[in-house]
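The values are calculated or read from the model by the stated rules, or taken from the named source; none is laboratory data. Quantities reported herein were computed from a predicted structural model and do not represent experimental measurements. Cβ: placed from backbone, ideal geometry, glycine included. Neighbour counts: every protein chain shown. What goes into the accessible areas is simple: the full protein's heavy atoms, side chains included, and nothing from ligands, DNA or RNA. Shrake-Rupley method; radii C 1.70, N 1.55, O 1.52, S 1.80 Å.
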Amino acid sequence: MKIRKSVLAYFFAVWISLLAASQVQATSSIICTGLENIGGMDIVFHSGPVPKVLDVTIDFKGKRITTRTETGAVSGSLARSFIDDHSIMIDLTDADALNLLASVRIMRSNSSNTEPLQIGFIKIAEDISFGIVCDGP
């Protein structure tokens, strides 16, 4: 429930910031839930012809890594991000890009006209790895 409220507040903030921007971008989001409720993740990306990751937030064991400025969270930078119809790959590093904070790998399969099946894992550097199932386009 705590993650859900944070997700809703986050998407509202993103929506407001997009309205204020001089150039509006079409965005989509993917919400991932960790297996056995270990953690979860939210990805916001530009959904134009060439998808681009705009923001990532990972929650696990009461901790948070995010690319946004947020009190009490570990600040991460997008070192690498890739999205296509078959996979999503994201690496978050510290601000100096010296230490890897988290790696995300998601495989996507779409054999019908419904939302794709998206499964993968999150590896938190030197702490934990856990499987995820994701919802979204």
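Which count do you get for residues in segment 41-51 that are assigned to a strand (DSSP E or B) and over 16 Å from Ser103 (Cβ atoms)?
Applying the first criterion (assigned to a strand (DSSP E or B)) to segment 41-51 yields 41-46.
Filter once more, so that each one left must be over 16 Å from Ser103 (Cβ atoms): 42, 44-46.
Qualifying residue count for the region: 4.
Applying the selection to segment 18-48, what residues are open to solvent by 40 Å² or more (accessible area, probe 1.4 Å), at pLDDT 80 or above and not charged (D, E, K, R)?
Hits for segment 18-48 are Ala26, Thr27, Ile31, Thr33, Leu35, Asn37, Ile38, His46.
Please state which one of Ile88, Ile119, Ile132 is touching a Cys at 6+ places or on another chain (Cβ under 9 Å) and farther than 21 Å from Thr27 by Cβ. Can you show your working first?
Working: Ile88 fails: farther than 21 Å from Thr27 by Cβ; Ile132 fails: farther than 21 Å from Thr27 by Cβ.
Within the list Ile88, Ile119, Ile132, the selection yields Ile119.
Tally time: how many residues in segment 62-85 are open to solvent by 60 Å² or more (accessible area, probe 1.4 Å) and either within 19 Å of Thr27 (Cα to Cα) or in a strand (DSSP E or B) (or both)? First the steps, then the outcome.
So in segment 62-85, the residues open to solvent by 60 Å² or more (accessible area, probe 1.4 Å) come out as 62-63, 68-69, 71-72, 74-75, 78-80, 82, 85.
Still in the running and either within 19 Å of Thr27 (Cα to Cα) or in a strand (DSSP E or B) (or both): 63, 68, 74-75, 78-80, 82, 85.
Going through segment 62-85 one residue at a time, the tally reaches 9.
Considering only residues of segment 86-127 that are in a strand (DSSP E or B) and at pLDDT below 85, which is least open to solvent (accessible area, probe 1.4 Å)? Reasoning before the result, please.
Quick first cut of segment 86-127, residues in a strand (DSSP E or B) only: 87-93, 100-109, 117-124.
Applying the additional criterion that residues be at pLDDT below 85 yields 109, 117.
Values: Ser109: 63, Leu117: 106 Å².
Checking each candidate, the answer is Ser109.
Checking Leu54 against (1) part of a loop (DSSP other than H, G, I, E, B); (2) touching a residue at least 12 places away in the same chain (Cβ under 8 Å), which single condition isn't satisfied?
That leaves (1) as the condition not met.
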